[in-house]
Amino acid sequence: MIQVNHISKQFGGKSILQDIQFSVAQGERISLVGPGGCGKTLLLKILLGLITPDTGSTSILGVDFQHAPHNDQTAVRKQIGMAFQQGGLFDFMTVGENLMFAMEHMVDKPKKVAQAIIDRLLAAVKLPHVQSMFPYELSGGMQRRVGIARALCTHPKVAFFDEPTAGLDPVTSTIILNMILALGIQEVGEEAPSMLVVTSNVETAIRFADRIIVLHEGKIAADGPWRELLVSGPQWVQHFLQVRFIGLDLAYAKELELPDAFLRKHW
Ligand SMILES: Nc1ncnc2c1ncn2[C@@H]1O[C@H](COP(=O)(O)OP(=O)(O)O)[C@@H](O)[C@H]1O
Ligand SMILES: [Mg+2]
């Protein structure tokens, strides 16, 4: 569904991404985690074809975003759901209009059907009452939830979420993550989307997906099941992951299903 082949990108002589390579299967969930400023959002922009890499190529649903004709790229973009960090809603449209705009431009569904999907998704993100409100009337967390509903209202085959929990309290973060997980489960007969969450929050990353890709100094430092990386990944990766959990309440550590070897070492 997603292929990233040896991507590198510099700005002003400073190398930001170096030789990034990974792929994502149909229905797979992945967290891309790394410290702030390490190039996560940049990688998403390259994946969406908004920024051209210096070297390497990316493809989504088999369409090469660096070389395919414009029309093919547009067709693929319509099958991608994207939730931006700041919600990315149009200020001059109500919440309902924002969602309807996405539906009208990305999928071919009668207005009544589209409205039913919008109603269902806003109920799913626990915001059934905000359709006629403008984004500025909502809190940051509410805008984020509307952004998630918009990313998924088109039943995308691929969905990206940039820092879906940044700046939110732990309870709201958990609610948002659970919503993304629940919304990603498609109705019978539909294929589950491939979903990529980008975050600097380790807890968000491991709650969202088994497989995590860790970015460090522009390179992929590790790619694999986080329970393995936590106890036997490269030294920097172990440290990056472990410092987030040391000192946690044991009951909570068990709830996170931290690996036994890690629990024995630290508690
Ligand atoms: N369009 C751009 N022009 C110049 N520098 C950029 C651009 N986009 C990103 N960068 C730089 O790339 C680095 C990574 O940015 P970003 O991808 O936003 O980090 P992250 O999302 O991991 O916090 C930053 O140093 C940023 O200044
Ligand atoms: Mg970012």
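The values are calculated or read from the model by the stated rules, or taken from the named source; none is laboratory data. All values derive from a computational prediction rather than experimental measurement. Note: ideal-geometry Cβ built from the backbone for every residue, glycine included; neighbour counts use all protein chains shown. The accessibility values were calculated without ligands, DNA or RNA, using every heavy atom of the protein model including side chains. Shrake-Rupley method; radii C 1.70, N 1.55, O 1.52, S 1.80 Å.
Points worth noting:
- Per-region count, segment 252-267, residues open to solvent by 100 Å² or more (accessible area, probe 1.4 Å) and among the aromatic types (F, W, Y): 1
- Put simply, of P156, P164 the only residue that is surrounded by 21 or more Cβ atoms within 10 Å (Cβ to Cβ) and within 16 Å of ligand 1 (Cβ to nearest atom) is P164.
- Check on G27, on the phi > 0 side of the Ramachandran plot, assigned to a loop (DSSP other than H, G, I, E, B), open to solvent by less than 60 Å² (accessible area, probe 1.4 Å) and at pLDDT 90 or above: yes
- Qualifying residue in segment 124-140 (condition: in contact with a helix residue (DSSP H, G or I) (Cβ under 8 Å, 6 or more places away or on another chain), of a type in the set (G, A, S) and surrounded by fewer than 16 Cβ atoms within 10 Å (Cβ to Cβ)): yes
- Matching residues, segment 35-67, being surrounded by 14 or more Cβ atoms within 10 Å (Cβ to Cβ) and on the phi > 0 side of the Ramachandran plot: G39, G49, G56, L61
- There is at least one residue in segment 72-85 that is within 21 Å of I16 (Cβ to Cβ), within 20 Å of the chain's Cα centre (by Cα), within 13 Å of ligand 1 (Cβ to nearest atom) and in contact (Cβ under 8 Å) with a residue 24 or more places away in the chain.
- Any hit, segment 177-195, residues being surrounded by 21 or more Cβ atoms within 10 Å (Cβ to Cβ), polar (S, T, N, Q) and part of a strand (DSSP E or B): yes
Residue-wise test of (1) modelled with pLDDT under 90; (2) not hydrophobic (A, V, I, L, M, F, W, C).
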| residue | (1), (2) |
| --- | --- |
| D169 | yes, yes |
| E187 | yes, yes |
| S194 | no, yes |
| E217 | no, yes |
| V243 | yes, no |
| L250 | yes, no |
| F262 | yes, no |
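- Residue within segment 198-205 that is within 10 Å of the chain's Cα centre (by Cα) and closer than 19 Å to L258 by Cβ present: yes
- Any hit, segment 78-97, residues being open to solvent by 30 Å² or more (accessible area, probe 1.4 Å) and touching a Leu at 6+ places or on another chain (Cβ under 7 Å): yes
- Meets criteria (under 30 Å from R207 (Cα atoms), more than 16 Å from ligand 1 (Cβ to nearest atom) and out of contact with any strand residue (DSSP E or B) (no Cβ under 7 Å at 6 or more places or on another chain)) for N98: yes
- Verdict on H155 being at positive phi and either away from ligand 2 (no atom under 16 Å from the Cβ) or β-branched (V, I, T) (or both): yes
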